Amino acid sequence: MSAKDAYHNTVKAALQKDGWRITHDPLILELSSGRLEIDLGAEDLVAAQRDGAQIAVEIKSFLAPSLISEFHGALGQFLNYRVALKLKEPNRVLYLAVPIKVYRNFFTGELAQLSIAEYQVKLLIFDPEQVEVAEWIG
């Protein structure tokens, strides 16, 4: 089992507060080439609002000195997870969870915005201080 992200429990609590039921912690996908562990799997408790949606959430803190380096790793991981989900759980939508300060300071920049658009990355922006989902993008 891989190490949990620094904000794992924060995002989990924020999702629950937002009306999601955590179904997997982690969400494990078995492939012939190996095992992938996405941080969280969840489903909507209020089916009328989100049509019984199922999501997977990969959480990233971006605490290392180089945000660009972390972004490269996070994007690659996100894309690989999305490919595996398409094969194993095609109804589940993948989100990349990032703290609101990182979103404002880095994800609004040119490279991140171009990459998000190009690769159709769905974002879950969370506020670690308020322990809540600030915004869903995508």
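The values are calculated or read from the model by the stated rules, or taken from the named source; none is laboratory data. Keep in mind that this is a model prediction, so the values were computed, not measured. Don't worry about glycine lacking a Cβ; one is built from the backbone with ideal geometry, like all the others, and counts go over all protein chains shown. The area values use the complete protein model at the heavy-atom level, side chains included, leaving out ligands, DNA and RNA. Shrake-Rupley method; radii C 1.70, N 1.55, O 1.52, S 1.80 Å.
Relative to one another, the C-alpha centroids of segment 66-134 and segment 1-36 are positioned 14 Å apart. Using C-alpha pairs below 8 Å separated by at least 6 residues, the relative contact order for the chain is 23 percent. Computing volume of the Cα convex hull per residue in Å³ for the structure here picks out one of [x] 108; [y] 129; [z] 160, namely [x]. If both residues of a DSSP beta bridge must be in the chain, then about 65% of such bridges are antiparallel. Under 5 Å from the amide H of Glu132 lie the amide H atoms of Asp127, each residue being 5 or more positions distant or on a separate chain, with H modelled from the backbone and absent for Pro and chain starts. Remark: the Lys4-Glu110 segment gains 35.2 nm on full extension, using 0.36 nm per residue and subtracting the alpha carbon distance. Of Thr23, Thr108, the residue with the largest accessible area leads and the full order is Thr108, Thr23 (1.4 Å probe).
For the chain, the residue among Ile125, Asn9, Ser69 whose Cα projects farthest onto the positive side of the dipole built from Cβ charges is Ser69. Here the Karplus curve 6.51 cos²θ - 1.76 cosθ + 1.60, taken at θ = phi - 60°, turns the phi angles of segment 96-105 into couplings of 9, 9, 9, x, 4, 5, 5, 4, 5, 8 Hz, with x standing for Gly and Pro.
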